[in-house]
Amino acid sequence: MNKLFRLMILTALTISTAFAGNLDLEKSVLKWKASKGAAGFKLGSHNGKIKLLDGDVQSKNDKLIGGNFTVDMTNFTVDDLSGEWADKFISHVKSADFFDVKNHPKSKLLIKSSKGNTVIADLTINGITNPVKFDYKKVGEAFEGKFTFDRTKFNILYGKDSSLGDKFIHHEVELEFKIQSK
């Protein structure tokens, strides 16, 4: 009975540690950038940050070998606007036109495999999962990199028609990351 009790405690601790994650939220950063303008031309862009909610970084010999990250879509910022314009922008980005934060408050990235400094992962936004591939580098204690995803593959269709001229929003969204474990 004593062994059974110890096994149950050990199992509970293992499970809680596995789900707690080892991501250092203070030192990890996720930045976004999106551009607008006529098809083939970038007439402007917006950029900001999205807060990482939790995550687990798995590495060996300074190489990423796995990981999963949860992004808090309710904590979306825009850095190049202020005041009323920033408030309007954030409100629109959180709406069903874009990230539908009311119904999908979290997005996720799950690293499926890696080879060298290239990662293949599953990105989930708006409840839709698609594969992404990106390169990274080790900088000090952190892993840094960037990748681009096509927002239309995640049912983010607002402003996708190139006939809208300067109201056209490019399909590509760039994410730049710096992740570090505790």
* Which residue, of Gly55, Gly67, Gly48, is part of a strand (DSSP E or B), under 15 Å from the mean Cα position of the chain (by Cα) and without any contact (Cβ under 8 Å) to a residue 60 or more places away in the chain? -> Gly48
* Since Asp87 meets every condition but one in (1) within 16 Å of the chain's Cα centre (by Cα); (2) at pLDDT 95 or above; (3) farther than 19 Å from Val29 by Cβ, which condition does it not meet? -> (1)
* When residues of the stretch 36-50 are filtered for being modelled with pLDDT of 95 or more and surrounded by fewer than 17 Cβ atoms within 10 Å (Cβ to Cβ), how many remain? -> 2
* Structure fact -> Residue hits (the stretch 81-111; among the charged types (D, E, K, R) and surrounded by 15 or more Cβ atoms within 10 Å (Cβ to Cβ)) are Lys94, Asp100, Lys106, Lys108
* Asked: Quick one: is Thr129 in contact with a strand residue (DSSP E or B) (Cβ under 8 Å, 6 or more places away or on another chain), in a strand (DSSP E or B) and over 18 Å from Lys31 (Cβ atoms)?
  -> yes
* **In the stretch 116-132, the residues that are more than 23 Å from Asp97 (Cα to Cα) and within 13 Å of the chain's Cα centre (by Cα)** => Ala121
* Asked: Residue check: is Phe168 touching a residue at least 40 places away in the same chain (Cβ under 8 Å) and not charged (D, E, K, R)?
  -> yes
* Quick one: count up the residues across the stretch 70-82 that are in a strand (DSSP E or B) and of a type outside the set (Phe, Trp, Tyr). => 6
* Structure fact -> Only one of (1) modelled with pLDDT of 95 or more; (2) of a type outside the set (Val, Ile, Thr); (3) surrounded by fewer than 16 Cβ atoms within 10 Å (Cβ to Cβ); (4) farther than 18 Å from Phe76 by Cβ does not apply to Tyr136, and that is (3)
* To do: Would you point out the residue of the stretch 58-80, among those that are at pLDDT below 95 and aliphatic (A, V, I, L, M), that is surrounded by the most Cβ atoms within 10 Å (Cβ to Cβ)?
  => Leu64
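The values are calculated or read from the model by the stated rules, or taken from the named source; none is laboratory data. Since the model is a prediction, treat every value here as computed from it, not as a measurement. Neighbour counts run over all protein chains shown; Cβ positions are idealised from the backbone, glycine included.
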